[in-house]
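Worksheet: the structure to be examined is printed underneath.
The values are calculated or read from the model by the stated rules, or taken from the named source; none is laboratory data. None of the values given here were measured: they were computed from a predicted structure. Don't worry about glycine lacking a Cβ; one is built from the backbone with ideal geometry, like all the others, and counts go over all protein chains shown. Only protein heavy atoms, including side chains, enter the accessible area calculation; ligands, DNA and RNA are left aside. Shrake-Rupley method; radii C 1.70, N 1.55, O 1.52, S 1.80 Å.
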Amino acid sequence: MDTRQIEQVRAFNRAVTRRIGALSDDYLGRGRPLGESRLLFEIGRDGADLRDLRTRLGLDSGYLSRLLRSLETQGLVASQRAPGDGRARRAVLTRKGLAEWRALDRQSQDVATSLLEPLGASQRSRLIAAMTEIERLMRASAVVIEPVDPGSAEALACFDAYFHELQQRFEGGFDPALTVSAAPAELVPPAGVLLLARLDGRAVGCGAMKVGSRGVGEIKRMWVDPTARGLGIAQRLLDAIEARAVAFGLTTLRLDTNRALTEARAMYLRNGYREIPAYNANPYAHHWFEKKRRKVDTTFGGATGATSAPGVL
């Protein structure tokens, strides 16, 4: 990693925390630190389940409990059982808490205005564009990719969403029973692997590989949730699958895809896959691709062009 890049990230963090007043115990002039203020705002007018708050804010249970106790002591928040699940807890704002939430909202608007107001029109546009890009890239850096049980509820939910999208995009629809199989049992090591991409604890993509004979693996079930597209997740899934293929000792990766998935074909070509004759009888396939492991450094290699990645492959 380039040390200059790391130093720039640290300098940016210092500038932002100083400019928005994150270092003060009196954030936005409301008499409490940023952590408590942010939690109050996230609970919002409708309330929120504690486990959702933990995931959304990336907090451990102990720290979240301490923040909630402080807000409860101030008379701003009350805790109650979540509807329909007696084991779960839900935080709601009191009448005083709602008034404080509205004050925080007004103050936040004022801070945003103070950031933009001193700038000229061109500078404002540049700042907003930069913030938009930074937010997108920070979301991308928060994505975690790891192997999972292909029979788990979140994996099956990804498969269902993947099949539903293919049903919408393919001419004549899509029936998973008619395509080449990739059942959960075929995606458990050493027969294969399923990788799941998560963002803020939620599954937003998947990619799988089946291990065949003679050092050949087949890529299957590549999908990214529409809400998470544009973050480069498909590219990262493909890179992770190729790394797993090396770990499995495979020398060749293959895949098939439908002509409707033009963005998928572009990504595979960009990553060094070459089109080959049909190697299976998948009724939904119009294109077949293959990539061989490079002998010089025992890897499959990375992308050769743009990083924008498709959602369904």
Residue within the stretch 28-37 that is buried (at least 16 other Cβ atoms within 10 Å of the Cβ) and basic (K, R) present = yes
Number of the condition not met by L104 [criteria: (1) surrounded by 15 or more Cβ atoms within 10 Å (Cβ to Cβ); (2) touching a Gly at 6+ places or on another chain (Cβ under 6 Å)] = (2)
Tally time: how many residues in the stretch 198-223 are open to solvent by 50 Å² or more (accessible area, probe 1.4 Å) and assigned to a strand (DSSP E or B)?
-> 1
Close pairs (6 angstrom Cβ cut-off, 6 or more residues apart or separate chains): within 12 Å of Q235 (Cα to Cα) and outside the structural domain of A240 (by the TED database) in the stretch 259-278, open to solvent by 50 Å² or more (accessible area, probe 1.4 Å) and in a helix (DSSP H, G or I) anywhere | none
Just to be sure, is R139 touching a Cys at 6+ places or on another chain (Cβ under 9 Å) and of a type in the set (D, E, K, R)?
-> no
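Before we move on, is D160 on the phi < 0 side of the Ramachandran plot, outside any loop (DSSP other than H, G, I, E, B) and open to solvent by 30 Å² or more (accessible area, probe 1.4 Å)?
Yes.
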Just name the residue that is farthest from E146 (Cα to Cα) out of those in the stretch 239-278 that are assigned to a loop (DSSP other than H, G, I, E, B) and open to solvent by less than 50 Å² (accessible area, probe 1.4 Å).
-> A260
Check the stretch 71-81 and report whether any residue there is among the acidic types (D, E), over 30 Å from the mean Cα position of the chain (by Cα), modelled with pLDDT under 95 and open to solvent by 40 Å² or more (accessible area, probe 1.4 Å).
-> no
Is it the case that some residue within the stretch 6-19 is without any contact (Cβ under 8 Å) to a residue 12 or more places away in the chain and assigned to a loop (DSSP other than H, G, I, E, B)?
-> no
Report whether or not E117 is farther than 30 Å from G215 by Cα and among the acidic types (D, E).
-> yes
Is one or more of the residues making up the stretch 304-311 modelled with pLDDT under 95, open to solvent by 40 Å² or more (accessible area, probe 1.4 Å), over 18 Å from L237 (Cβ atoms) and assigned to a loop (DSSP other than H, G, I, E, B)?
-> no
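Restricting to the stretch 55-70, and then to whatever is open to solvent by 80 Å² or more (accessible area, probe 1.4 Å) and within 25 Å of the chain's Cα centre (by Cα), can you tell me which residue is farthest from G201 (Cα to Cα)?
Ranking the candidates gives Y63 first.
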For the stretch 175-197, does any single residue satisfy the condition of being open to solvent by 50 Å² or more (accessible area, probe 1.4 Å), among the charged types (D, E, K, R), farther than 21 Å from G301 by Cβ and at pLDDT below 95?
-> no
Which of (1) outside any helix (DSSP H, G or I); (2) exposed (fewer than 13 other Cβ atoms within 10 Å of the Cβ) is the odd one out, the single condition E135 does not satisfy?
-> (1)
Output for Cβ contacts, cut-off 9 Å, separation at least six or different chains, first residue among the basic types (K, R) in the stretch 185-207, second part of a strand (DSSP E or B), reads R198/V144; R198/I145; R198/E146; R198/V204; R198/G205
